[in-house]
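Taken together, the values in this text are just the output of simple stated rules run on the coordinates, not laboratory data. Bear in mind that the values here come from a model prediction, so they are computed numbers and not experimental data. Here the Cβ is made from the backbone with ideal geometry for all residues, glycine too, and neighbour counts use every protein chain on show.
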Amino acid sequence: MPERVNTDPSLESPVQAASDPDRQPVFVSPAALAAAGDERHAGILLVDDHKENLAALRAVLEPLGEHLVSAESGEQALRALLREDIAVILLDVRMAGLDGLQTARIIRARPRTRHIPIIFLTAQVSEVEEIALAYASGAVDYVIKPFEPEILRAKVSVFMELSRERGERVRQSRARAEAETVARTVRTLQILSDAALSHLEMGGLTAELVERAATLFQADSACLLLRDENAPGLGVHAGRGVLPVAPDSRVMLGEGTFGRLAVEREAALLVGEELPDLAGGADTADGEQAGPIASLMVVPLVTSDELLGLIVLGAVAEDRFDAANLELLTLAADRMAIAIDHVQRFAHGRQLVETLQRSLLPDRLPHHPRLELAARYLPSGLAPQIGGDWYDALELDRDRTAVMIGDVVGHGVRAATTMSELRNALRAFAVEGHSPGAALQQLDRVVHATFGPGMIATVLFLIIDAAKGTVSISRAGHPPPALRSAGGEIRFLETGNTLPLGIDDRVKADEAEYPVNPGDTLLLFTDGLVERRRESINTGFDRLRDAFATAPADVEELCDYILERTVTEQASHDDIAVLAVRVLGPPLGALQLTLPAKAASVPLVRHRLRVWLNENVPELDAMARSDLEVAWSEACTNVIRHAYGPGDAMFQASAARDGDAVSLQVRDTGQWRPPRGQHGGRGIALMRELCDEVRVERRSEGTAVTMRRSFGDPPPSRRGRQ
Amino acid sequence: MGGPSGSEPSAPTGADAVPAAGDLAYVEIEDHDGVPVAVISGEVDISNVDDITRRLMTLPNFAPGLVVDLRLVAYMDSTGISMLHDLAGRLRERSQQLIVVCPPGSPPRRVLELTGLMTRTTVVDDLGPAVQAMRHVARDLPSG
């Protein structure tokens, strides 16, 4: 039996109970308890082989008002002693058959009667030797015939009084024993119910209950047969010793001994021929079993009128269990049923919580060739409940990725659904092209309009532009993100102090832009990561800073590393979300050019692309090369024609291989004029013909044209012609 | 007065030669028995399209029209298309005609096809038929 450790010192462990004989549970049958209470009815046994002597004795003793039992021989006396409860024996020495001395020796030899005082009746006071023999045989007194009625009555009265006192002592000690038994019963039930408290999952609970029940009832085998959601009848959930059914078989309700008892919800003590065939069972045990099971206790587990299953205890000894055991096991089974029911419901509830929480967080983060993202969510260490922390990330376009994290005050389904609504609303604002500050402002209006006062949430919203190398940040009451530079320097990217959502929707959310470079890592987190009770928040930030400084580069490992170093058991009173973003360098072999926005740059850019395609995409056919050259030159031409005034300005052009595609991009920082003249728009139309995908994104900070051409597949223009 | 191959300049289309804006393309005006032929070689884009356009505008006004030979053009984008489109318009105003020589499968031919210029301008595969066609035009014109 495995060693168990109980953290609760008040709990008596079954291991201790088994090893300490004084604390061994003793189950006293109700009949025995009743007998102990009947001591005052103990009578006087009169033994004489002469009926007239017996009659005389009765006449003398009747005034005492005691129960008188007569026996005409030693044998009769011994039989009466088996049947009756006797306080004192008056025994004639000279009798036919068993004489008084022999009878006394037998009475003394029997444990049940050893303590009963015997008064010998003898005719000859001179028979000293006889009296000595009588004392040796266990007599406590003698009376010489013919006796004085008063003296006899007085002597008997003394013994009756002694007997009563002794009976009182016995009764008291038995009452004590009974009280202890009740206490043990309660403890037994506690031990069995307590097993439920220390286990949150079904397997552990059932194994524990079976172990404890087997120990408490000194059973040689024990098992729990329980209903399952996905299979008919009952199946073995935990067992030790020879199981009554094979571990992989099912007990069908209504069929066989167990099935019938389950349906009838009847507790039964089975011995001998009543035992079901246990041949199908397998010995799962520890080799303690000393022989075949000769008796079984089968008790149904029922809760709120619902059958959960059966507990079955078996013993090698046929007389190991009695009615009292069955009664106690029935009581215990009620506790077990409650415990099992509780855990089943709890497990079901926790599963629901986990499923719901998972459904509220993104199951995968976007893949961006220039960014590595990873996130972790830790539920609160307290009872299973849905938290209000959330994170999300989505690709806005080829360069820009939105990353957000937030915390809705509170827990439970309401916080979770609120969180879900906020997340979806913020996604929508991000996709619409709002800057972080504008998106949070919009979100705050949603919070005020939808949830009304009392709903408080914090949000941190970032847009990372991998091509420009910037991150725009806005936050509403949320801790700022931490940035680790490629060199390992940590700083928190502050924005103006802003209020959480739900406070004042007229306050404009601050926005700040910071540069990010290849090798930088951004860390977003919720306050659960830095806040601990009875500790300054600065301590939490310092701890995070230290952990972040030494964390590995890989974002998945980084998240784990930071959680390991900042979260302790005591600290996990709140749920925690972290999200890490690593900015990667440009793809290997990418072409990046920055040139003056002049016509002379176009042939130069085209020449560089030609060289780059030769080196990096050698498998590209001549037409695709030529198409890409045209498309790229067209995009550059547009920048030169439309983006800038006559002053000096620069533009950027980049080319990258992206799997089986070439991605080209031309971006400027100007404002495009509407196309002029009859040739306006011809360039873009041509680009669309030459590439699979063309996107023109005009923003306040400039315009980016992104083109993508897969190789292998013909471009749209050729497809149409075939 | 032979074929245009005799006066063919070398176009800087090699991958290793970084072209200067000035010598990206060349334009030679040839006379094929009274038919002017503008032979463009090299690359046509925003950096040189104005220079090329100026050269093409030097056409004498007694000619029946202009043949633009793109057989030696390694690169042309929509700026070249716009140029040809404008040229065709100016010639039409003077009752002169534009014929473009551009062999199938060549880079400029693809751009001509994709931009729809083929449907508005006469494009022929080779120089011979272009000159021939222009002579027909000249014969039909009332002689001075």
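A few points about this structure:
- Across segment A:510-605, C-alpha contacts under 8 Å between residues 6 or more apart give a mean separation that, scaled by the residue count, equals a relative contact order of 40 percent.
- Shielding by partners - mean other protein chain Cβ count within 10 Å, residues of A:592-603: 4
- Loop trypsin sites (Lys or Arg not before Pro), segment A:205-268 (other Cβ atoms within 10 Å of the site Cβ: 14 or fewer; DSSP): A:ARG265
- DSSP finds beta bridges in segment B:30-140, and of those with both partners inside it, around 15 percent are antiparallel.
- Extents of segment A:363-583, taken as max minus min of Cα coordinates on every principal axis and listed largest first, are 45, 42, 32 Å.
- Residue-span extension gain [A:VAL409 to A:MET623] - 0.36 nm each, minus C-alpha spacing: 71.1 nm
- Shielding by partners - mean other protein chain Cβ count within 10 Å, residues of A:323-329: 0
- Stokes-Einstein, applied to the Kirkwood radius of segment A:468-532 over Cα pairs at a viscosity of 1.306 mPa s and 10 °C, places its translational diffusion at 122 µm² s⁻¹.
- Summing +1 for each Lys or Arg and -1 for each Asp or Glu among the other residues whose beta-carbon sits under 12 angstrom from that of A:ALA553 gives -3.
- Here A:HIS67, A:HIS607, B:HIS85 are placed in order of increasing Cβ neighbour count within 10 Å, fewest first, which gives A:HIS67, B:HIS85, A:HIS607.
- Long-range Cα-Cα pairs in segment A:38-147 (distance over 16 Å), rounded percent: 53 percent
- Calculated on alpha-carbon atoms, Rg and Dmax of segment A:591-721 in Å: 14.3, 44
- Shielding by partners for peptide B:71-83, expressed as the average number of C-beta atoms from other protein chains within 10 Å of each residue's C-beta, is 5.
- As a rough footprinting exposure proxy, the listed residues A:GLU511, A:GLU619 were ranked by other beta carbons within 10 Å of their own, and the order from fewest upward is A:GLU619, A:GLU511.
- Here the gap between A:ASP141 and A:ASP546, fully extended at 0.36 nm per residue and compared with their Cα-Cα distance, gives a gain of 136.4 nm.
- When segment A:407-475 is reduced to its Cα atoms, the Kirkwood hydrodynamic radius in Å: 12.7 Å
- Loop trypsin sites (Lys or Arg not before Pro), segment A:517-568, which have at most 10 other Cβ atoms in a 10 Å radius of their Cβ (DSSP): A:ARG533, A:ARG534
- Distance-filtered residues of segment A:616-645 - backbone nitrogen under 13 Å, label point 7 angstrom along A:TRP672 Cα→Cβ: A:634-644
- Principal axes of segment B:30-140: Cα extent on each, largest first, Å: 34, 26, 23
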